Amino acid sequence: KMNRDVPIHSWPGSYYINSEKRWVTGTLSLTRLSMRFTASKGEETVASIKLSRIVEIKKESSSFIFSALTILEEGNIKHWFSSLQPNRAVVYNVLEHFWREELLSSDGATGATASEPQMSKGKELIGLVSGSQKRLEDTGTVLHHQGEQFDNIMLGLDKIESDLDVADKLLSELESPPWWPFSKLPWRSHQEAKCKQRNKSQSPASASTTRGHGKQGVITNIPVIYSKGGDTNLKPGKFTVQVSALEVCDGDSRLMHRFEREDVDDIRVHSPYELSIRQRFIGKPDISYKLLSAKMPEALSVLEMQYKKKIEFMPDYAEFMTMPPSPTSDSENCIWNAATGFIDRIRMKELPPGELVQLQVQAQQSPVSESEAQELKQMLMKLKNLALEAEMELERQDEALDAITSSTDQATTHIEKHTRRMKKML
């Protein structure tokens, strides 16, 4: 599970304590569900604000004409922050992004600590299975588009093989015309004109196919706060994960950079909400983008599978994945251990008759209701079907890869053979 108390981002700055009428220096930190300001002296938490309680975030100026960032909390409580580094705009963009995503998030209510104890065990299990189902569906989408790419490659190899057969026939005719008294053969110009006409007629179709495939290849699209290279000025934009590429766009959907899949050298994951993508070049600076998003976990599930050899989890990432022990964990273990003990004793026929009534009472008090059990059963069946379909698609793609390898080797051999024959004729 994910630890939501670890700061996603922190900025040095100052906070105005209204009760004492003074500014105090410290650090403004953002977590997944709240933000807090810690004073430099004594490391005391001066202010703590839940994102769900924020009413407004604005850029303002204090009475001393200092640029400030204000946050209006429920109850008409206003917080003033100033001297933020690297600058006020960067902090505003990040805070506004996570606050907006918290408001739009469907699980905003479940993220609050007050509602977590009220959630039944059945709902928790359904949430876990739902997350696994979403991951498997994303995996199936990637496999589907990858299979389409393999099919397109097979069609291209079939066309190459057909063209090589035509080339073989033409070379055979050119190699045996000793009876022709002139230097230029009449069918050569005719064949060249025919090839040009065929290429012109096929190029628009291939271009449209490529464009259509590109549109269908979008796996996920999330809003991000991005920066290029070592720039500290974070700006709002969009991040698109495609089957064959990664795209970074600005707030107006203008393309900033497109990383082709084979050009991505490394992806460094700093936290579940922040990562950087780099493309290396020889003789010129590398191209890298840093991306920060509240919805980054959705993209990470796909990136982990697509770029598993190029993705690297940084040491800071481990802090987010350490969850403090839950106070209800012991009671949950007791419930499940007790249930396991009863089941084992039933199997071994060691359950005394007097405890059968007690077992029935505990079964009636099960933390999972009948409707939740039926929903879990349906979701698990769907997971099983998705897994079987993914397995069948992988087997089909393995066979396609073997056929592609064989066809490529055969085409390479034919091309080398035709090249040698043409060199002899020149």
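The values are calculated or read from the model by the stated rules, or taken from the named source; none is laboratory data. Quick caveat, the model's predicted, so the values are computed rather than measured. Note that each Cβ is placed from the backbone with ideal geometry, even for glycine, and that neighbours are counted across all protein chains shown. To get the accessible areas, we keep the full protein, side chains included, count just its heavy atoms, and leave off ligands, DNA and RNA. Shrake-Rupley method; radii C 1.70, N 1.55, O 1.52, S 1.80 Å.
The table for this structure:
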item	result
Förster radius 45 Å - calculated FRET efficiency between Asn233 and Ser371, Cβ distance, rounded to 0.05	0.30
Estimated FRET transfer efficiency (Ala411, Asp263; beta-carbon r; R0 22 Å; 0.05)	0.30
Reference-scaled alpha-carbon Rg (2.2 N^0.38 Å with N residues) for the range 221-320	1.00
The range 9-105, accessible surface, carbon-and-sulfur percent (1.4 angstrom probe)	49 percent
Listed residue (Leu291, Val302, Ser244) projecting farthest to the positive dipole end of the range 221-320, Cβ model	Ser244
FRET efficiency estimate (nearest 0.05) - Cβ-Cβ, Met256 to Ile160, R0 30 angstrom	0.25
Where Met314, Met422, Met296 fall by accessible area, highest first, once all protein chains stay in place (1.4 Å)	Met422, Met314, Met296
Carbon plus sulfur fraction of accessible area for the range 221-320, probe 1.4 Å, in percent	48 percent
Ser172 accessible area, assembled protein chains, probe 1.4 Å, Å²	50 Å²
Dipole of the range 9-105 [Lys/Arg +1, Asp/Glu -1 at C-beta], most positive-end residue of His97, Thr70, Val24	Val24
Paramagnetic label zone (point 7 Å from Cα along Cα-to-C-beta, Phe281; backbone N under 20 Å) in the range 237-255	245-250, 255
P(r) of the range 9-105 over all Cα-Cα pairs, binned every 5 Å from zero, in whole percent	3, 13, 26, 28, 20, 8, 2, 0
Accessible area of Arg278 in the full protein assembly, 1.4 Å probe (Å², nearest 10)	60 Å²
